[in-house]
Amino acid sequence: MKRILALAALSASVFQVYSDDSLSTFSSRPDTTLYINEVVVNSKTAFKDSSPSQKFNSDQLERLGSESVADALRHFSGLQIKDYGGVGGIKTVNIRSLGSQHLGISYDGIQLGNAQNGQIDLGQFSLDNVDEVSLFNGQKSSIFLSASDFSNAGAVFIRTRRPQLSKTDPFNLRFKAKVASYDTYHLSALYEQRLSEALCASFNAEAITSTGKYKFRYSGAGYDTTAIRKNGDIKSLRAEANLYLNMQNSTTGSLKIYTYHSERGIPGAIASNVWARGERQWDHNTFIQGHIQKGIGSRFNTRLLAKYAYYDTRYVNNDTTRMLIDNNYKHHELYISTANVYEILSNWNISLSYDFKWNKLDSDIHNFAFPSRYSSFISLASALDFNKLKIQGSLLGTFINDKTEIGSASEHTSALTPAIFINWTPFNDIPISLRAFAKKSFRMPTFNDLYYVDIGNAKLEPESAIQYNIGATFEKQNINRLFSSFRVQADAYYNTVDDKIVAYPKGTQFRWTMLNLGKVHIHGVDMTAETSIVPTRNISIYARIQYTYQKALDVTDTNTSYYKDQLPYTPRHSGSGILAVRYRNSELSISSIYSGKRYSQQENIERNEMPAWQTSDLALSHTIRISRSIMRIRAEVNNIFNKEYDVVRNFPMPLRNYSIGINYEL
């Protein structure tokens, strides 16, 4: 059993299906048999490296010292992060220049949704209770997926920690405390309890507060000064409760209740000698989701998913130099999905899935449209495994119908989006696998795109993209006594986008002005290499480096001044690196991120150019064992070289800052 689990964990494709990742039941000690059904399902529905994938497990996430999921994703190739600075700054992610709306983000197996503006603020999702973050280009290497999981150009899967309990160890308790620069305080607690042979529960809560006041340098024509970033404070509370079911009759299930509440200042852009803004935002997000999965016989598995989410947002602008605003938005979402997979032959599986989503947005804005959206997704997929050659194909039908109470609604929209993935292992004695995929993805304009007062356009065209990817992976485990593992992967891709919709900040982080660029051509290369070295019994070294090249050009109109110019906020060259050295119970790690020059507007002219930047973070941790308890102390220095930089123009990022934290687990 241990060997099976080790092989699954070390698979080069890092494939994870819902049954053992996003929707798996609680893990157990090796003296139980709760892993068996998960491994069987995995072998039937997923295979190696059919799509490019990257992941960080809990140990790697700890080395990074990241506070949020967005911070960790910076180290994945092919992604760009928009960060407006500070603990409370909004953070969104863009995959291979296709836009954030083409990236599906799943939290324990069910996608996070935002029909209002399509932007998932990843700063709201802490890494405190996350066991793994994984990224897949195209889609997961599995056909046992919900239908909407086939709709995205890429997907991020956030898997929270599962209780690891046994009869002799029926509960677990953990506390975390962290103090950082800018009057930042972070407290969290986790409690896990085994309720019976088949039932386990966990509860996690986290509170963060920060003034967000950090120094930055502001310079321009004839002036150069250092100022304090203001109105960047945040107070947030996140809590979630989980219930996991794992029965001996091939039945598994889970139930999650999640809630997040925050009040934050929105500092706004530094421009025209304006240093502080009067904007604030309140978020009250709650959802309940669950799944039940059943194996019927040895060939058929079925899964039912359900979710209801309620997002309540208030935005206030008290800036007397601008229009006074006090708006409330209430977003409802209902999601139901059924996924089914059948093994026709030992090497041939087929799946059929159906999803239904209902979204409704209410607001107290005058003349608001009050839109509702009814979405249906139907997917048919098949996977063939010929040992060295593996083929996976899918066809997704998307059907969307909008209704509004005021004004005209977008026309009924439907689309068919196919995909095919191929993986080939040409040699028996050389651990190289080659892969290729082609996929078409489709996404509707958001409610803000279509119906936002004054700037919405109900006739806005949907956006579609076609992806082509070829790549290779080389991975070897247990190479010799010195090298524990080595892995390198590279992918070249070409994407085309029609009727591309791009969102830019317009005065605030919450409102956007929408621009339809038309056609975009994207060429890119992603490369990642990592290795683990064990020089002696007491010393281990982990190193990882990634590089991304992207040429994302607007090719809409030859008569425009920005024809064949690079898309805004897309550097040609970017990368990151991690080096961690562990000696006995202590570990020293350094991580670095690089972003090449880019442009803040469509025209690639000197006025719009933003300089390249690079930051490095340093962390030192030490673990102390006290009887059966574990205490870990960690100190961090972020931006150790005190670099000045903006990720988004006129939104300065923090300079050198510090933190120290304690993690105590019973």
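The values are calculated or read from the model by the stated rules, or taken from the named source; none is laboratory data. Quick caveat, the model's predicted, so the values are computed rather than measured. Here the Cβ is made from the backbone with ideal geometry for all residues, glycine too, and neighbour counts use every protein chain on show. The accessibility values were calculated without ligands, DNA or RNA, using every heavy atom of the protein model including side chains. Shrake-Rupley method; radii C 1.70, N 1.55, O 1.52, S 1.80 Å.
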| field | Looking only at region 241-259, and only at residues there that are among the hydrophobic types (A, V, I, L, M, F, W, C) and either modelled with pLDDT under 95 or within 20 Å of Ser298 (Cβ to Cβ) (or both), the one that is most open to solvent (accessible area, probe 1.4 Å) | value | Met247
| So which residues in region 188-216 are over 30 Å from Ala269 (Cα atoms) and either in contact with a helix residue (DSSP H, G or I) (Cβ under 6 Å, 6 or more places away or on another chain) or hydrophobic (A, V, I, L, M, F, W, C) (or both)? | Ala189, Leu190, Leu195, Ala198, Leu199, Cys200, Ala201, Phe203, Ala205
| Between residues in region 73-88 that are under 14 Å from Val647 (Cα atoms) and residues that are in a strand (DSSP E or B) and open to solvent by 20 Å² or more (accessible area, probe 1.4 Å), which pairs lie under 6 Å by C-beta distance while being six or more apart or on different chains? | Arg74/Ile81; Arg74/Ile593; Gln80/Asn94
| said: Suppose we filter region 649-666 for residues that are under 20 Å from Thr226 (Cβ atoms) and either open to solvent by less than 80 Å² (accessible area, probe 1.4 Å) or free of Cβ contacts under 8 Å to residues at least 24 places away in the same chain (or both); how many remain? | reply: 9
| task | Look at region 536-562 and say how many of its residues are among the basic types (Lys, Arg), open to solvent by 20 Å² or more (accessible area, probe 1.4 Å) and in contact (Cβ under 8 Å) with a residue 12 or more places away in the chain. | result | 1
| In region 614-648, residue least open to solvent (accessible area, probe 1.4 Å) [restricted to those that are basic (Lys, Arg) and assigned to a strand (DSSP E or B)] | Arg634
| query | When both residues are 6+ apart or on different chains and their Cβ atoms are under 8 Å apart, which pairs have a first residue that lies in region 629-641 and is closer than 12 Å to Asp617 by Cβ, and a second that is basic (Lys, Arg) and open to solvent by 40 Å² or more (accessible area, probe 1.4 Å)? | reply | Val637/Arg656; Asn638/Arg656; Asn639/Arg656; Ile640/Arg656; Phe641/Arg656
| message | Taking the conditions exactly as written (closer than 26 Å to Gly154 by Cβ, open to solvent by 50 Å² or more (accessible area, probe 1.4 Å), in contact with a strand residue (DSSP E or B) (Cβ under 7 Å, 6 or more places away or on another chain) and at pLDDT below 95), does Glu475 satisfy them or not? | response | no
| For Asp169, which of the numbered conditions (1) of a type in the set (D, E, K, R); (2) modelled with pLDDT under 90; (3) within 30 Å of Leu79 (Cβ to Cβ) fails to hold? | (3)
| note | Reported set for region 570-585 where residues are assigned to a loop (DSSP other than H, G, I, E, B) and open to solvent by less than 30 Å² (accessible area, probe 1.4 Å) is Thr570, Pro571
| request: Quick one: Cys200 ticks every box in (1) surrounded by fewer than 19 Cβ atoms within 10 Å (Cβ to Cβ); (2) under 27 Å from the mean Cα position of the chain (by Cα); (3) not charged (D, E, K, R) except a single one, so which number is it? | output: (1)
| field | Counted residues, region 254-278 - those being in contact with a Gly (Cβ under 6 Å, 6 or more places away or on another chain) and charged (D, E, K, R) | value | 2
| Regarding Ser376, is this residue surrounded by fewer than 19 Cβ atoms within 10 Å (Cβ to Cβ) and in contact with a Lys or Arg (Cβ under 9 Å, 6 or more places away or on another chain)? | yes
| request: Could you check how many residues of region 305-339 are modelled with pLDDT under 90 and either buried (at least 19 other Cβ atoms within 10 Å of the Cβ) or of a type in the set (Phe, Trp, Tyr) (or both)? | output: 1
| remark: Filtering region 260-290 down to residues that are open to solvent by 20 Å² or more (accessible area, probe 1.4 Å), of a type in the set (A, V, I, L, M, F, W, C) and more than 22 Å from Gln116 (Cα to Cα) yields Ala269, Ala271, Val274, Trp275, Ala276
| request: Tally the residues that are surrounded by 14 or more Cβ atoms within 10 Å (Cβ to Cβ) and either within 26 Å of Leu666 (Cα to Cα) or touching a residue at least 40 places away in the same chain (Cβ under 8 Å) (or both), restricting the search to region 210-226. | output: 6
| task | Can you tell me which residue within region 414-429, out of those that are touching a residue at least 24 places away in the same chain (Cβ under 8 Å), open to solvent by 20 Å² or more (accessible area, probe 1.4 Å) and out of contact with any Gly (no Cβ under 9 Å at 6 or more places or on another chain), is nearest to Ser464 (Cα to Cα)? | result | Ile422
| query | Would it be correct to say that Ala580 is hydrophobic (A, V, I, L, M, F, W, C) and touching a helix residue (DSSP H, G or I) at 6+ places or on another chain (Cβ under 8 Å)? | reply | yes
